[in-house]
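Visitor: Below is the structure I would like to discuss, written out as structure tokens.
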Amino acid sequence: MRGHRQVFPSLFFSLLFLMLPMKEISTSPLSVRAQPAMVSGGHHSGHTCLGCVLVVSVIEQLAMFHNSTAKEALERLCNYLPEILNLQGLCYLVVEMFGPDIIKLLKDKVNADVVCHAIKLCNQNAGQPFCHLYPPPEMGLNKAVREASRIVKNSKVLKNIAGFTSICAFPPLVKLCEKIKYIIKNKLPYEDLDGDKFSAFPTLRGYHWRGRDCNEGTTTVYPGRRPDNWDVERDSNCNGIWGVDPKDGIPYEKKFCEDAESKGIILLGDSAGAHFHIPPEWMTAAQMSLKSFSNLPVALTNEFDWPHFSGITGFLNSTIGGWTDSLYLRLHRRNRCNHRDFQNISKNGGSSENLLDLIKSLARNQLLDNPAIVIYASIGNDVCNGKPDTVAHMTTPQQMHSNVIKTLQYLNSQLPKGSHVILTGLADGRFLWDQLHSRYHPLGQLNKDVTYEQVYSFLSCLQISPCNGWMSSNQTLRNLTSERALQLSNVLKEITTSETFANFDLFYMDFPLEKIADEWHKLGGESWQLIEPVDGFHPNQISAALGASVIWQKVLREWPHVLGKENPFNKQIEDVFKDQGGH
Ligand code: CA
């Protein structure tokens, strides 16, 4: 499902910025509501603790797997990191600070929970339970931590921590921190030099997120617009079609696209829509290699989302398992005039409330552009949060109604006439517990000691769970969460029967989790293989691709006019314009 604050990215942020306050790099508005204690004067957030436990676990397992010392494992891990963005240098910096203590403790076979409490990156807050990922050592956690603390007493690390309020104060990190904070803080997508919202740069909310700009520096040229003077002179809508057919003097745009009912696809969504993914190779010692982290720079600059492989707007072949299929690719195949006309306006943590803000980054000109199909898919954050009293912080049906109506009114003020809006219901997240709780997490595979149940409970304890309601061993709570999700889906459904808008027609569909699972079973797969292995929470690449096919079939069957007709000139477009300038 969606996703909430970026929990797992903290593995890497924590590796590199072990002391950076995670609230600064967490993109989710939810994390503002569910704010754990932050780094300052020795208090560390749940994210820092999680990051520490993950990194120390990886070091421990690397040492075990390669039968090496902890010191060699640390160096090995740094060597795996790409040199770009100076990631390796930063890693060595962190090693210099924390390495000696971690090495000392790991030599004594102290587990990651105990190490992180001993070096004070995990703290037990007053009145809170002792949070741990691994089964507690025989002597008990309190005693183990006391003993470990004696070993690292007076260490350089603890003094270092006391000396800085944030690792971003380190001179070599200032610029990188600023850059990351800028990306995270600005809810509006990256705007390129010409001031429009389309870009010829892939990440930083560039063309991985919306169709590539084919003429940067000109605000009148962008994907999705109706062609200017039939694109006789230039490709004003970046669909790769322009010029005049020398045989008859007719502009190609007029000949191939005039009656094609061209339209774009726009997603308003959350981390599921943006396609949140943490590669399991990043934390599986047995699979870790130089290649494992080659995609880290892209992930860092795409907010750990992979919209270019996603089920609604994906367009590149997946490099993260499974395959790519998307509504955009299908709409493009149906009518090649739609080339590059997609926008993924999603954000980790997207809910009915904060989509109201995010939607302002929509780029659609009511007068100049083609109509669009908007998929509204906030599939979980309205019932998911990390609060101990999670139910009290869920969106109510009344709030949902008000938020969605406001969003639709805004869409009506922006979308060209003839557009379509499809509201998607919330997923039933009970699937997660049912499929995963007794399975081993990637971190637990080497020693068979960490199940998803343990991961869920660790995250809840740290108050950084993306979804306390569903990622819980409490069945009553899981059922309550699903009940509220169903109520909110019903609000969406009801809106589609009671409201009408001048510029678009409106539809509702349930989140097709069951159908996706059915399709996967038909291919011989098992249900648990549809969930992101690292976070145990999001739909993965296979779910995304199968979801695209399920949604497409449904729309084609029930509301075919939404998709427009098949363009009879597709073959000719391909013959004349080949790959239409690529994506
Ligand atoms: Ca064109």
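Visitor: Please enumerate the residues belonging to the range 116-143 that are basic (Lys, Arg) and touching a helix residue (DSSP H, G or I) at 6+ places or on another chain (Cβ under 9 Å).
Guide: Start the filter on the range 116-143 by keeping residues that are basic (Lys, Arg), which leaves 120, 143.
Lys120 - this is the single residue of the range 116-143 that is basic (Lys, Arg) and touching a helix residue (DSSP H, G or I) at 6+ places or on another chain (Cβ under 9 Å).
Yes or no, residue by residue, for (1) in contact with a strand residue (DSSP E or B) (Cβ under 6 Å, 6 or more places away or on another chain); (2) assigned to a loop (DSSP other than H, G, I, E, B); (3) in contact (Cβ under 8 Å) with a residue 40 or more places away in the chain; (4) at negative phi:
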{"residue": "Lys291", "(1), (2), (3), (4)": "no, yes, no, yes"}
{"residue": "Ser294", "(1), (2), (3), (4)": "no, yes, yes, yes"}
{"residue": "Val298", "(1), (2), (3), (4)": "no, no, yes, yes"}
{"residue": "Thr324", "(1), (2), (3), (4)": "no, yes, yes, yes"}
{"residue": "Arg340", "(1), (2), (3), (4)": "no, yes, yes, no"}
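Visitor: Output yes when any residue across the range 269-287 is within 14 Å of the ligand (Cβ to nearest atom), farther than 30 Å from Glu178 by Cβ and not in a helix (DSSP H, G or I), and no when none is.
Guide: Initially, the range 269-287 is screened for residues within 14 Å of the ligand (Cβ to nearest atom), giving none.
Taking every residue of the range 269-287 in turn, none turns out to be within 14 Å of the ligand (Cβ to nearest atom), farther than 30 Å from Glu178 by Cβ and not in a helix (DSSP H, G or I).
Visitor: For the list (1) free of Cβ contacts under 8 Å to residues at least 40 places away in the same chain; (2) closer than 22 Å to Trp282 by Cα; (3) of a type in the set (Val, Ile, Thr), I need the number of the one condition that Ile59 fails.
Guide: All conditions pass for Ile59, except number (1).
Visitor: Given the structure, is Phe511 closer than 15 Å to Ala272 by Cβ, open to solvent by 10 Å² or more (accessible area, probe 1.4 Å) and part of a loop (DSSP other than H, G, I, E, B)?
Guide: Working: closer than 15 Å to Ala272 by Cβ: yes; open to solvent by 10 Å² or more (accessible area, probe 1.4 Å): yes; part of a loop (DSSP other than H, G, I, E, B): yes.
The answer is yes for Phe511.
Visitor: Of all residues in the range 342-364 being hydrophobic (A, V, I, L, M, F, W, C) and part of a strand (DSSP E or B), which is nearest to Leu426 (Cα to Cα)? Show your work before the answer.
Guide: To start, the set of residues in the range 342-364 that are hydrophobic (A, V, I, L, M, F, W, C) comprises 342, 345, 355-356, 358-359, 362-363.
Next, from what is left, pick out any that are part of a strand (DSSP E or B): 342, 345.
Working: Phe342: 23, Ile345: 18 Å.
If we take residues in the range 342-364 being hydrophobic (A, V, I, L, M, F, W, C) and part of a strand (DSSP E or B), then Ile345 is nearest to Leu426 (Cα to Cα).
Visitor: Another one. Among (1) touching a Cys at 6+ places or on another chain (Cβ under 7 Å); (2) surrounded by fewer than 19 Cβ atoms within 10 Å (Cβ to Cβ); (3) of a type outside the set (A, V, I, L, M), there is one condition Asn474 misses while meeting the rest; what is its number?
Guide: Every condition holds for Asn474 apart from (1).
Visitor: Additional query: Could you please find all residues in the range 247-268 being open to solvent by 10 Å² or more (accessible area, probe 1.4 Å), of a type outside the set (Lys, Arg) and within 11 Å of the ligand (Cβ to nearest atom)? Write out each step before concluding.
Guide: Step one: of the range 247-268, the residues open to solvent by 10 Å² or more (accessible area, probe 1.4 Å) are 247-252, 254-255, 257-259, 261-263.
Next cut, of a type outside the set (Lys, Arg) only: 248-252, 257-259, 261-262.
Hits for the range 247-268 are Pro251, Tyr252, Cys257, Ser262.
Visitor: So Val244 clears everything in (1) more than 10 Å from the ligand (Cβ to nearest atom); (2) in contact with a strand residue (DSSP E or B) (Cβ under 8 Å, 6 or more places away or on another chain); (3) open to solvent by 10 Å² or more (accessible area, probe 1.4 Å); (4) in contact (Cβ under 8 Å) with a residue 60 or more places away in the chain except one condition, right? Which one?
Guide: (4)
Visitor: Now for a separate question. With respect to Leu488, determine if the residue is buried (at least 18 other Cβ atoms within 10 Å of the Cβ) and modelled with pLDDT under 95.
Guide: Values: buried (at least 18 other Cβ atoms within 10 Å of the Cβ): yes; modelled with pLDDT under 95: no.
No; evaluated as a whole, the condition is false for this residue.
Visitor: Hey, another quick one. Of all residues being of a type in the set (D, E, K, R) and under 15 Å from Ala363 (Cα atoms) in the range 201-228, which is farthest from the ligand (Cβ to nearest atom)? Just the residue, please.
Guide: From the range 201-228, those of a type in the set (D, E, K, R) are 205, 210, 212-213, 216, 225-226, 228; that's our starting set.
Checking which are under 15 Å from Ala363 (Cα atoms) leaves us with 205, 210, 212-213, 225-226.
Working: Arg205: 24, Arg210: 17, Arg212: 13, Asp213: 13, Arg225: 9, Arg226: 9 Å.
This residue is Arg205.
Visitor: Scan (1) at pLDDT 95 or above; (2) buried (at least 21 other Cβ atoms within 10 Å of the Cβ); (3) within 16 Å of the ligand (Cβ to nearest atom) for the single condition Phe198 breaks and write down its number.
Guide: Here Phe198 meets the rest and fails (1).
Visitor: Give the range 229-241 a look and list any residue that's near the ligand (Cβ under 9 Å from one of its atoms), farther than 15 Å from Phe569 by Cβ and charged (D, E, K, R), or say none.
Guide: Step one: of the range 229-241, the residues near the ligand (Cβ under 9 Å from one of its atoms) are 230-231, 234-241.
In the following step, the residues that additionally are farther than 15 Å from Phe569 by Cβ were identified as 234-238.
Within the range 229-241, Arg234, Asp235 qualify.
Visitor: Next question. How many of the residues in the range 554-583 are over 18 Å from Phe504 (Cβ atoms), in a loop (DSSP other than H, G, I, E, B) and open to solvent by less than 90 Å² (accessible area, probe 1.4 Å)?
Guide: Total meeting the criteria: 6.
The values are calculated or read from the model by the stated rules, or taken from the named source; none is laboratory data. Small disclaimer: the values here were computed from a predicted structure and weren't measured. Don't worry about glycine lacking a Cβ; one is built from the backbone with ideal geometry, like all the others, and counts go over all protein chains shown. To get the accessible areas, we keep the full protein, side chains included, count just its heavy atoms, and leave off ligands, DNA and RNA. Shrake-Rupley method; radii C 1.70, N 1.55, O 1.52, S 1.80 Å.
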